[in-house]
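Every read-out reported here was derived from the displayed coordinates using simple, explicitly stated rules and does not represent laboratory data. None of these values were measured; they are calculated from a predicted model. For neighbour counting, all protein chains shown are included, and Cβ atoms are generated from backbone atoms with ideal geometry for every residue, glycine included.
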Amino acid sequence: MHGPANSPDPNIASKRLLIVREARDHFVRHGYAAAKVEPIAREAGVSTATLYALFRGKAELFTAVIDDAADEFARQMAQVRAVEGDARAALTSFADAYATFMSDPFVRSIFRLVMAERPRFQPLALRFFEKGRAEVGRTLIGLIVRLSKSGELGPVEHPSWAAGHLMGMIEHPVFFVPLVTGDEVRVRRTNAEVVAEAVETFLARYGR
């Protein structure tokens, strides 16, 4: 990252965050190509010179925006924890929190932005996708291993595959359908109905 961006000065850190959050709104609304640095600086309350002192250009600013969003998502997903209890209660607790996160319109807007700019920022896009899924996957894999060892689930040969099955049953209706249709097509089932069906299907496959 460019020198001043790493400065411990709280004023610089505050200005940098203001710029990043304002830029995020501009990139989401206009896309990378159409977003302009000057309006971003103006609406963040800094001069264009200050923005360029913190970021070498629009590409570096875009990278900072996506990395900041990834960090924010990771913090949110780190809070996705399962309650203690039997398999159905624990899996439902996790699935409810995951469905709530994945159905957030803001989350979809960031994913759309990353997808649209992936050809231009491929390493950044891959880092973004892998970071978020790894954070949630780690939590769910740990839960599946615990439930399997306690006898709540049957033997699970590949916990990561099992985690992917449950997450996929949630992601498709609450995230991917509205993502690819621009929110014009929404699944008629509620999140609670999606979660209940996903957990029942999961338990039918992996439960005792």
Open item on the list: Cross-link candidates for Lys58: which lysines have Cα within less than 29 Å, leaving aside residues fewer than 8 places away along the same chain?
Closed with: Lys15, Lys36, Lys131
Task: Label corresponding to Cα extents along the principal axes in Å when calculated from the structure given, among (1) 64, 40, 26; (2) 53, 47, 24; (3) 69, 47, 34 - done: (1)
Task: Per-residue Cβ neighbour rank within 10 angstrom, fewest leading, Asp96, Asp71 - done: Asp71, Asp96
Open item on the list: Quick check: from the Cα gyration tensor, does the stretch 94-208 come out rounded (a/c under 1.5), prolate or oblate?
Closed with: oblate
Open item on the list: Of Pro155, Ala125, Phe106, which is farthest towards the positive pole of the chain's charge dipole, taken about the Cα centre with +1 and -1 on the beta-carbons of Lys, Arg and Asp, Glu respectively?
Closed with: Ala125
Task: At most 15 other Cβ within 10 Å, DSSP loop - trypsin sites (Lys or Arg not before Pro), the stretch 128-188 - done: Arg186, Arg188
TODO: Among Glu72, Glu38, rank each residue by its count of other Cβ atoms within 10 Å, from fewest to most, as a rough exposure measure.
DONE: Glu38, Glu72
TODO: Identify the trypsin sites (Lys or Arg not before Pro) of the stretch 28-102 meeting these criteria: DSSP loop state and at most 14 other C-beta atoms within 10 Å of the C-beta.
DONE: Lys36, Arg56, Arg81
